[in-house]
Amino acid sequence: MESVNIQVNDINIEVDYRTELLGIIMWISNYHQKYDILFQKYGNQFYVDEIIKRFQKFSNHKVIKDFERIVDTHGFNYDAPLDLFLQLDENLKVDKLTDYCYKERLQSDESIYDFINELNKFRLEIRFDEFYNEHRDLYKKWVVAASSAFQKYNLFSYFEKYYGYRLSKKLIVNLTPCITNGGFCCDNNNEVYDCFPIFREMKSNDLFNNSGKEELTLYNPFHEFSHAYIDPITSRLGIVTEKTNLFDDIRENMKKQAYPYDTHILNEHIIRALEVRYVINMYGNEKWGQQIVEQEKENGFIYMEPIIDSLCEYENQRNDYQTIDEFYPVIIEKIKEYQLKRVK
């Protein structure tokens, strides 16, 4: 089955049938209660009500109970279930999960493959394909509404110019009608997904009109897709690792936000600083940029300003620095310089 999708300026926008099946599983299991912050009621109540009415009778199904056990045993939440489902093929099968999902998040629990092997049968039993196909017109309206932002602002082109190269992977904005909060990057093989809670930017009485909200719509995809550029540089250069102690002064606060290692902390700092430069460069909105700085500093990202200063240097010296990779060590030096000033 093909997902409803449209391509705008080299970015695919879709409602992926795999993650919609996951959304149904989340709503008829206890997942939405455990992580209720991800399921706030924006404009999707009518859609969720239909899901519950149609599928609640399967809440004691083996697939649902297996999912609940995996979630409870391994804290398998937030981006992890989405990452898992986006690795499945059109028949909801996979030969081998990535290490991130399988070894790190599932602790090499073999039972996850038993769960996966039951999915296609579950899909047929609940007649999921029929449900998805009945809602194709609705999904298309959401996809078209979201696409207006990517038509107005060419995000892929901005990435190519700012980071200095064209990413070889396909960028996909996967709208998640079931999940209304939290954007997640799922980087799988040749594709990078931004699992995007479209309802956060759309009012319940105006679901299909994105006019005037384009900047807000692009904010989440900018952050999540930037991980596909920045994270590999951090990993490849090895300037920081899970064992370095560059951010010991903020580590406890970062752990509370699910960023326990220097690699995570650095990536998030850089991408949040890049957001500031993005809203200023793309929209000319200095006020919004400063609001981001203040908000992120309150959240504990205290190295925002030296990174932003270094990015301004990068922008002004593109003849010397063709790509963000080449400039990356300068960002690290700026952070270290700032640390020394703080100690004094």
Notebook entry, point to check: Any residue at all in segment 40-62 that is assigned by TED's automatic domain parsing to the domain that holds Phe196, over 20 Å from Asp129 (Cα atoms), charged (D, E, K, R) and surrounded by 14 or more Cβ atoms within 10 Å (Cβ to Cβ)?
Noted result: no
Check: Can you tell which of Asp114, Asp95, Asp79, Asp109 is closer than 24 Å to Asn188 by Cα and within 18 Å of the chain's Cα centre (by Cα)?
Finding: Asp79
Checklist line | Unmet requirement for Val63, which otherwise passes all of (1) among the hydrophobic types (A, V, I, L, M, F, W, C); (2) over 25 Å from Glu125 (Cα atoms); (3) touching a Leu at 6+ places or on another chain (Cβ under 7 Å) | finding: (2)
Note to self: Among the numbered criteria (1) more than 23 Å from Leu218 (Cβ to Cβ); (2) in contact with an Asp or Glu (Cβ under 8 Å, 6 or more places away or on another chain); (3) in a loop (DSSP other than H, G, I, E, B), which one does Pro306 miss?
What the structure shows: (3)
Notebook entry, point to check: Does Asn91 count as part of a loop (DSSP other than H, G, I, E, B), modelled with pLDDT under 95 and closer than 21 Å to Ile172 by Cβ?
Noted result: yes
Notebook entry, point to check: Which condition number does Asn12 fail, the rest of (1) part of a strand (DSSP E or B); (2) farther than 17 Å from Phe131 by Cα; (3) in contact with a helix residue (DSSP H, G or I) (Cβ under 7 Å, 6 or more places away or on another chain) being met?
Noted result: (3)
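One line per residue, one yes/no per condition, for (1) surrounded by fewer than 18 Cβ atoms within 10 Å (Cβ to Cβ); (2) at pLDDT 95 or above; (3) under 15 Å from Met304 (Cβ atoms):
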site: Arg236; (1), (2), (3): yes, no, no
site: Lys243; (1), (2), (3): yes, no, no
site: Phe247; (1), (2), (3): no, no, yes
site: Tyr259; (1), (2), (3): no, no, yes
site: Asp262; (1), (2), (3): no, no, no
site: Asn267; (1), (2), (3): no, yes, yes
Notebook entry, point to check: Looking at (1) buried (at least 17 other Cβ atoms within 10 Å of the Cβ); (2) more than 19 Å from Thr234 (Cβ to Cβ); (3) at pLDDT below 95, can you tell me which one Val343 breaks?
Noted result: (1)
Next item on the list: Check Lys287, Lys243 and return the single one that is in the same structural domain as Glu337 (by TED's automatic domain parsing), in a loop (DSSP other than H, G, I, E, B), over 18 Å from Pro329 (Cα atoms) and without any contact (Cβ under 8 Å) to a residue 24 or more places away in the chain.
Entry: Lys243
Note to self: Yes or no: segment 7-20 includes at least one residue that is under 30 Å from Gln257 (Cβ atoms), of a type in the set (Ser, Thr, Tyr), in contact with a Lys or Arg (Cβ under 9 Å, 6 or more places away or on another chain) and touching a residue at least 40 places away in the same chain (Cβ under 8 Å).
What the structure shows: no
Next item on the list: Please find, among Glu118, Glu90, the residue that is in contact (Cβ under 8 Å) with a residue 60 or more places away in the chain and either farther than 15 Å from Ile28 by Cα or out of contact with any strand residue (DSSP E or B) (no Cβ under 8 Å at 6 or more places or on another chain) (or both).
Entry: Glu90
Notebook entry, point to check: Given the residues Lys62, Lys57, Lys41, which is the only one that is basic (Lys, Arg) and modelled with pLDDT under 95?
Noted result: Lys41
Next item on the list: Please state which of the following conditions Lys213 fails to meet, knowing it meets all the rest: (1) more than 22 Å from Leu97 (Cα to Cα); (2) out of contact with any helix residue (DSSP H, G or I) (no Cβ under 7 Å at 6 or more places or on another chain).
Entry: (2)
Note to self: Let me confirm something: among Leu207, Leu216, Leu171, which residue is aliphatic (A, V, I, L, M), outside any loop (DSSP other than H, G, I, E, B) and at pLDDT below 90?
What the structure shows: Leu216
Margin query: With among the hydrophobic types (A, V, I, L, M, F, W, C), over 27 Å from Phe327 (Cα atoms) and surrounded by 15 or more Cβ atoms within 10 Å (Cβ to Cβ) as the only criterion, which of Leu171, Leu175 stands out?
Written below: Leu175
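The values are calculated or read from the model by the stated rules, or taken from the named source; none is laboratory data. In this text the structure is predicted, and so the values were computed from the model without any measurement. Counting neighbours? That spans all protein chains shown, and the Cβs are built from the backbone with ideal geometry, glycine included.
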